[in-house]
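This report concerns only the one structure given below.
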Amino acid sequence: MASRNIVRMPNTRAPSNPGERLRQELLCAFHIIDLAGQPSGMGSHLTARLTGAQTMLFHIHNYGFGEVTPDHIHESDFELKVLTGDVDINPTLHIHTRIYLNRPDINCVVHTHAKHVTALSCLGENLACITQSSARLYNECVYFEEEGSVLGKDLAQALADGLGDKSAMVLKNHGLLTVGKSIPEAVLLALTMENEAEIQLLAMAAGTIKPLGEKGALRSKQYLRSDTMMGRAWAFHMRKLARERPEVLEM
């Protein structure tokens, strides 16, 4: 009988090169977010820092997450100079470079225009901790009074400073941003934000929300943010990706 602690992952090619493994994980991340229904359009972005370097992997500007193939993933330095090919890079990616410079612990940044978080942001509301699942982000989400596109290092630095040591941000009239020490962590937090924003909006429409107490929120956060539970959550989304877009795992 199989152990109930085994986390089953779909069969995927496992490159021996760390950089190639990172590229493959990033490719899966783009499609996991797309399958979750978070609109990427041409303005959302997801990057991963290369280990031990001031460079990052990004996808070509003006492509949606669901369109990304390995050929769309390139490397740039923190001045947004593309190092691998003649392709367009999103000029707002200084948001990522400033966060990486501020936070040596962070290796992935996600930004999307998730509709429920965006709706919440238009009300001037931050994400509240009102369910056990939302406890993943207890005391981790900040509301940023963004005014227009973040072009250039100075505005990006203000956003990075606003994030501080937290892992999530609601961007005024805009969307969400999450960071993580790994690609799975940043992606799972982005999925959590959108799911919980939808619940919060439903609750606000029905009456007054009642947040979790601190003791219960901290206990749930410790459990849900553990390596074991984050690993199981990522495995769940990888299995979904294998079922619904098996071609991605063969790219």
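The values are calculated or read from the model by the stated rules, or taken from the named source; none is laboratory data. Since this is a predicted model, take the numbers as computed values, not measurements. Here the Cβ is made from the backbone with ideal geometry for all residues, glycine too, and neighbour counts use every protein chain on show.
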*Restricting the search to the range 46-60, which residues are surrounded by fewer than 23 Cβ atoms within 10 Å (Cβ to Cβ) and either at pLDDT below 95 or polar (S, T, N, Q) (or both)?*
51, 52, 53, 54, 55
_Top-ranked residue of the range 169-217 - restricted to ones that are in contact (Cβ under 8 Å) with a residue 60 or more places away in the chain and basic (Lys, Arg), ranked as nearest to residue 106 (Cα to Cα)_ = 181
*asked:* Looking at (1) over 22 Å from residue 48 (Cα atoms); (2) buried (at least 17 other Cβ atoms within 10 Å of the Cβ); (3) out of contact with any helix residue (DSSP H, G or I) (no Cβ under 7 Å at 6 or more places or on another chain); (4) not β-branched (Val, Ile, Thr), which one does residue 134 not meet, given that it meets all the others?
replied: (3)
*Residue match in the range 205-220 (condition: of a type in the set (A, V, I, L, M, F, W, C), part of a helix (DSSP H, G or I) and more than 23 Å from residue 177 (Cα to Cα))*: yes
*Output yes when any residue across the range 189-204 is within 19 Å of residue 103 (Cα to Cα) and touching a helix residue (DSSP H, G or I) at 6+ places or on another chain (Cβ under 7 Å), and no when none is.*
yes
_Out of the residues in the range 135-152 meeting the condition of being at pLDDT 95 or above and not aliphatic (A, V, I, L, M), tell me which one is nearest to residue 223 (Cα to Cα)._
136
*Select the strands (runs of 3 or more DSSP E) contained entirely in the range 44-163, then report the ones holding at least 3 residues which are more than 30 Å from residue 226 (Cα to Cα) and of a type outside the set (Val, Ile, Thr).*
73-77
*Among the residues of the range 167-174, is there at least one that is within 25 Å of residue 81 (Cα to Cα), buried (at least 21 other Cβ atoms within 10 Å of the Cβ) and among the polar types (S, T, N, Q)?*
no
*Residue in the range 175-194 that is nearest to the chain's Cα centre (by Cα), counting only those that are outside any helix (DSSP H, G or I) and surrounded by fewer than 24 Cβ atoms within 10 Å (Cβ to Cβ)*: 180
*Selection within the range 15-43 - surrounded by fewer than 17 Cβ atoms within 10 Å (Cβ to Cβ), out of contact with any helix residue (DSSP H, G or I) (no Cβ under 7 Å at 6 or more places or on another chain) and in a loop (DSSP other than H, G, I, E, B)*: 16, 17, 37, 41, 42
